Amino acid sequence: MAGISVISGFKRRMKTVKTELLDKIWARGREFLGVRYPIICGAMTWISDAHLVKAVRASGGFGVLAAGNMRPEELESEIDRCLATVGGPFAVNLVTIAPNFAAHKEVVAGKDVPLVVFAGNFPRRNDVQEMKRAGKRTMSFASTTSIADQMIRFGIDALILEGSEAGGHIGHVSLTILLQQVLFARPPVPVFVAGGIATGRMMAHLLLMGADGVQMGTRFVMSSECRTHARFKEAFVRARAREAVETPQYDRRLPVVAVRALRNQAMEEFGRLQLELIKSLDEGRIDRRTAQERVEEFWMGGLRRAVVEGDVERGSLMAGQSVGLVEKIMPMKEIFRELTEDAEEELQRVRSLLG
Ligand SMILES: Cc1cc2nc3c(=O)[nH]c(=O)nc-3n(C[C@H](O)[C@H](O)[C@H](O)COP(=O)(O)O)c2cc1C
């Protein structure tokens, strides 16, 4: 299997992880997040609940509660569960395009949540400022240089530079390019990088490049503590990197929100639906608005269907290409141990390489 260290779980448990070299290069990320390891478990709608946030925190990392489109009172009680059980800093992920976004902001503003991560579309200046006035620090994704610049102008406190290798909603630029465009330009705020990361070895190199920490999603779906339907996780265990594909878009008249997910029956049907709609548009049998509505309706409830109901053929199996780097479910603490040990070992290797 590519990339993952083979030290047995037993041997790992016997050792305390030394992070002497890591501590030299991830200090700003640690300080910003207020945790031992600046490793973020990115929010995942229907997946990132208080239970997962707590498990991440207990392993030394930073968890993010996903608000998705929860009812405001549901979000409130999930935040309360985090406040009562997590025992340290965490963030709430607010989806700017969710119908409940305004209500979610209000709920978060009234709670002792230290950090907010904006997702969906990019936040407006007002959204950022509103959360800052409520005493929160803010983070936002950046999938191009201009968005990174705009977020910094809006007063965002940290960026998540996410490449298109990632699972879920994605931009169109890979992490390799974003690193050179944005990270190497040394933005004035901490930068956490995401998309396609699953190993400590990779993490070490990203930190050496100047990242303040990393964010992963797919790797943490494959933790024992992550409470998805068993069939959802099994699909991850079986999948190869090339099966985590971007939803197709065939015609500019029918824009599709880019999502990376595992190929399944629904993905094939979605392709066929678009081709039928394009034909109907060409023949004047349907208007553009109705066609667009059919496209948007298609995935409604899709993630819930896969994650909660375990319908892995008709649901949306959002996953990053990093799905091909991991082949077993592990306890969260073991994942963190593996990541940090392998990262430290890699830094030692680099040090000896350079004399
Ligand atoms: C099933 C799934 C659901 C996701 N849902 C969200 C979400 O609700 N909000 C968000 O900001 N990111 C979401 N993401 C993105 C993750 O937080 C994270 O940035 C991404 O998974 C990183 O790439 P990786 O999967 O290669 O590790 C989701 C990812 C997955 C796999």
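Side notes on the structure shown:
- Any hit, region 335-344, residues being more than 25 Å from residue 62 (Cβ to Cβ) and either in contact with a Leu (Cβ under 7 Å, 6 or more places away or on another chain) or without any contact (Cβ under 8 Å) to a residue 12 or more places away in the chain (or both): no
- Top-ranked residue of region 145-166 - restricted to ones that are in a loop (DSSP other than H, G, I, E, B) and in contact with a Leu (Cβ under 9 Å, 6 or more places away or on another chain), ranked as surrounded by the most Cβ atoms within 10 Å (Cβ to Cβ): 166
- Residue check for residue 131: within 11 Å of the ligand (Cβ to nearest atom) and crowded, with 24+ Cβ neighbours inside 10 Å: no
- Scanning region 31-77 for residues that are charged (D, E, K, R) and buried (at least 21 other Cβ atoms within 10 Å of the Cβ) gives 54, 57.
- Checking each residue in region 40-54 for being among the aliphatic types (A, V, I, L, M) and away from the ligand (no atom under 11 Å from the Cβ) picks out 50, 52, 53.
- Scanning region 58-81 for residues that are part of a helix (DSSP H, G or I) and more than 16 Å from the ligand (Cβ to nearest atom) turns up 58, 72, 73, 76, 77, 80, 81.
- The residues of region 230-255 that are farther than 13 Å from residue 316 by Cβ and not in a helix (DSSP H, G or I), listed by number, are 239, 240, 248, 249, 250, 251, 252, 253, 254, 255.
- Condition met for residue 196 (free of Cβ contacts under 8 Å to residues at least 12 places away in the same chain, among the small types (Gly, Ala, Ser) and part of a loop (DSSP other than H, G, I, E, B)): no
- Unique residue being of a type in the set (Ser, Thr, Tyr) and at pLDDT below 95 when the list is 199, 247, 176: 247
- Positions within region 134-144 being more than 19 Å from the chain's Cα centre (by Cα) and surrounded by fewer than 22 Cβ atoms within 10 Å (Cβ to Cβ), in sequence order: 134, 135
- Taking (1) in contact (Cβ under 8 Å) with a residue 60 or more places away in the chain; (2) more than 16 Å from the ligand (Cβ to nearest atom); (3) not hydroxyl-bearing (Ser, Thr, Tyr) in turn, residue 353 satisfies each apart from (1).
- Note on region 288-310: residues that are touching a helix residue (DSSP H, G or I) at 6+ places or on another chain (Cβ under 8 Å) and in a helix (DSSP H, G or I) total 8.
- Condition met for residue 261 (assigned to a helix (DSSP H, G or I) and modelled with pLDDT of 95 or more): no
- Looking across 47, 25, 7, one residue alone is more than 18 Å from residue 138 (Cα to Cα), aliphatic (A, V, I, L, M) and modelled with pLDDT under 95. It is 7.
- Test: residue in region 275-286 that is outside the structural domain of residue 174 (by TED's automatic domain parsing) and buried (at least 22 other Cβ atoms within 10 Å of the Cβ): yes
- Residue 85 vs. criteria assigned by TED's automatic domain parsing to the domain that holds residue 194, at pLDDT below 95 and either surrounded by fewer than 21 Cβ atoms within 10 Å (Cβ to Cβ) or closer than 22 Å to residue 167 by Cβ (or both): no
- Answer residue from region 169-192, given it is within 11 Å of the ligand (Cβ to nearest atom) and closer than 19 Å to residue 213 by Cβ and is surrounded by the most Cβ atoms within 10 Å (Cβ to Cβ) among those: 192
The values are calculated or read from the model by the stated rules, or taken from the named source; none is laboratory data. Nothing here was measured: the structure is a model prediction, and the numbers come from that model. Using ideal geometry, Cβ is built from the backbone for each residue, glycine included, and neighbour counts are taken over all protein chains shown.
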